[in-house]
Amino acid sequence: LKGEVTQFLQETAMQPGLAVILVGDNPASQVYVRNTGKACVEAGMRSDQHVLPADITQEDLLNLVDRLNADPAIHGILVQLPLPPHINPLTVQERVWPVKDVDGFHPLNVGYLSMGREGLVPCTPLGVMEILKDAQIPLLGRQAVIVGRSNIVGKPLAQLLLREHATVTLCHSRTRDLPAVCRGADILIAATGQKRMVRGSWIKPGAAVIDVGISFEEQNGKVKQGGDVDTDAALEVAGCLSPSPGGPGPMTIAMLLRNTLLAARRQAGK
Ligand code: NDP
């Protein structure tokens, strides 16, 4: 990305700019926003961070979004979730101009994705696709099972896998006999937040397993981050396994930056 950013700067004299809005002091959000800022700077992008108090009114937040929409130095806007309960996340997401919606959550971008048209696509699903591509996992005609149907991971990921001609099954908390469904997967993606839910016996020998989930547990008095997959058991059966932490997490940030560069290119008419 750094090379592409440099080239874009040379061609347009524009530096891609990402504005991140953080409301309140959620520790996980603070870490993500900090890492995003660092990654932006490393890639040669401009990073503006707006840290707002938890009691900010929705109107003031929307006014900030309006200012950033109109700011020509800002090409991407990310409103970090969760927002405090008095703010409607949908109202805020819909206020971000679709061309600057680098999270891909605006209804227009969601619609474009499901229609197979060009838009901005959510970052975690993009990161998963990049991991599968890098590991050279064949997708055409394969059975892909996603556990978790959220708007930010499961549903957009299903669309991306369909684009690559996988046969996609989207599972959730009411799926019957989830282990059996998972055992049919050539590609198994877990995105639930349920600690070590996916056991070794749920995995087809040789399958590619992507662990998107984030969970925490105490080990020897220390809090350790893990994922949805029972890693040790999975490694005995799976053909390959992406780690959590260290897999979809960093890839999400990389894809956010890639979306920002893409948004800047489009805004520059490139
Ligand atoms: P949500 O809570 O929005 O969705 C969780 C999904 O998992 C739901 O569809 C839910 O089903 C399903 N689910 C929960 N429990 C079970 C179960 N026992 N069996 C089957 N399905 C179950 O979470 P997100 O999609 O936002 O995130 C999922 C996980 O991925 C979290 O751990 C999150 O922290 C992580 N994450 C990681 C990112 C990264 O950068 N690495 C980015 C985004 C998320 P139902 O719909 O029926 O309730």
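Take the residues in segment 85-133 that are acidic (Asp, Glu) and more than 16 Å from the ligand (Cβ to nearest atom), then tell me which one is farthest from Ile214 (Cα to Cα). It would help to see each step written out before you state the result.
Just the residues of segment 85-133 that are acidic (Asp, Glu), to begin with: 94, 101, 103, 118, 130.
Then keep just the ones that are more than 16 Å from the ligand (Cβ to nearest atom); that gives 94, 101, 118.
Numbers: Glu94: 27, Asp101: 24, Glu118: 30 Å.
Only one residue tops the list, namely Glu118.
Can you find, within segment 104-120, the residue that is nearest to Leu160 (Cα to Cα) among those that are part of a loop (DSSP other than H, G, I, E, B) and open to solvent by 20 Å² or more (accessible area, probe 1.4 Å)? Walk me through how you get there before you give the answer.
Of segment 104-120, the ones part of a loop (DSSP other than H, G, I, E, B) are 104-106, 116-120.
Of the ones still in play, those that are also open to solvent by 20 Å² or more (accessible area, probe 1.4 Å) are 105-106, 116-118.
Values: Phe105: 15, His106: 17, Gly116: 9, Arg117: 11, Glu118: 12 Å.
For segment 104-120, the residue satisfying everything is Gly116.
Under the condition of being free of Cβ contacts under 8 Å to residues at least 60 places away in the same chain and in contact with a helix residue (DSSP H, G or I) (Cβ under 7 Å, 6 or more places away or on another chain), which residue from segment 16-31 is farthest from Gly213 (Cα to Cα)?
If we take residues in segment 16-31 being free of Cβ contacts under 8 Å to residues at least 60 places away in the same chain and in contact with a helix residue (DSSP H, G or I) (Cβ under 7 Å, 6 or more places away or on another chain), then Ala19 is farthest from Gly213 (Cα to Cα).
Identify the single condition in (1) within 14 Å of Thr260 (Cα to Cα); (2) open to solvent by 20 Å² or more (accessible area, probe 1.4 Å) that Arg95 does not satisfy, given that it satisfies every other one.
Unmet for Arg95, out of (1) within 14 Å of Thr260 (Cα to Cα); (2) open to solvent by 20 Å² or more (accessible area, probe 1.4 Å): (1).
A quick yes/no check of all residues on (1) more than 11 Å from the ligand (Cβ to nearest atom); (2) of a type in the set (Gly, Ala, Ser); (3) more than 20 Å from Ser244 (Cα to Cα):
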residue: Ala144; (1), (2), (3): yes, yes, no
residue: Gly148; (1), (2), (3): no, yes, no
residue: Ile152; (1), (2), (3): no, no, no
residue: Leu188; (1), (2), (3): yes, no, no
residue: Asn220; (1), (2), (3): yes, no, no
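Return only the number of the condition from (1) open to solvent by less than 80 Å² (accessible area, probe 1.4 Å); (2) on the phi > 0 side of the Ramachandran plot that Met45 does not satisfy.
All conditions are met except number (2).
Looking at segment 194-216 only, could you name the residues that are open to solvent by 40 Å² or more (accessible area, probe 1.4 Å) and either under 17 Å from Ser173 (Cα atoms) or not hydroxyl-bearing (Ser, Thr, Tyr) (or both)? Spell out the reasoning first.
Of the residues in segment 194-216, the ones open to solvent by 40 Å² or more (accessible area, probe 1.4 Å) are 194-197, 199, 201, 204-206, 214, 216.
Answer for segment 194-216, where residues must be open to solvent by 40 Å² or more (accessible area, probe 1.4 Å) and either under 17 Å from Ser173 (Cα atoms) or not hydroxyl-bearing (Ser, Thr, Tyr) (or both): Gln194, Lys195, Arg196, Met197, Arg199, Lys204, Pro205, Gly206, Ile214, Phe216.
Pick from Met251, Met197: which is touching a residue at least 24 places away in the same chain (Cβ under 8 Å) and under 29 Å from Ile77 (Cα atoms)? Break it down stepwise before answering.
On the way: Met197 fails: under 29 Å from Ile77 (Cα atoms).
Answer to the check: Met251.
I need the full set of residues from segment 51-81 which are more than 16 Å from Arg266 (Cβ to Cβ), open to solvent by 80 Å² or more (accessible area, probe 1.4 Å) and either in contact with a helix residue (DSSP H, G or I) (Cβ under 9 Å, 6 or more places away or on another chain) or among the aromatic types (Phe, Trp, Tyr) (or both), in order please.
Val51
Anything in segment 231-263 that is open to solvent by less than 10 Å² (accessible area, probe 1.4 Å), of a type in the set (Gly, Ala, Ser), away from the ligand (no atom under 11 Å from the Cβ) and closer than 21 Å to Pro125 by Cα? List them, or say none.
The answer is Ala263, and nothing else.
Which members of segment 154-180 meet the condition of being over 21 Å from Gly111 (Cβ atoms), open to solvent by 20 Å² or more (accessible area, probe 1.4 Å), within 11 Å of the ligand (Cβ to nearest atom) and not in a loop (DSSP other than H, G, I, E, B)?
Leu178, Pro179
Does Lys195 satisfy the criteria of being within 20 Å of Met251 (Cα to Cα) and within 11 Å of the ligand (Cβ to nearest atom)? Step through it out loud before you land on a result.
Values: within 20 Å of Met251 (Cα to Cα): no; within 11 Å of the ligand (Cβ to nearest atom): yes.
It is false that Lys195 is within 20 Å of Met251 (Cα to Cα) and within 11 Å of the ligand (Cβ to nearest atom).
The values are calculated or read from the model by the stated rules, or taken from the named source; none is laboratory data. Here the structure is a predicted model, which is why all the values come from computation and not from measurement. For neighbour counting, all protein chains shown are included, and Cβ atoms are generated from backbone atoms with ideal geometry for every residue, glycine included. SASA here: full protein model, heavy atoms, side chains in, ligands and nucleic acids out. Shrake-Rupley method; radii C 1.70, N 1.55, O 1.52, S 1.80 Å.
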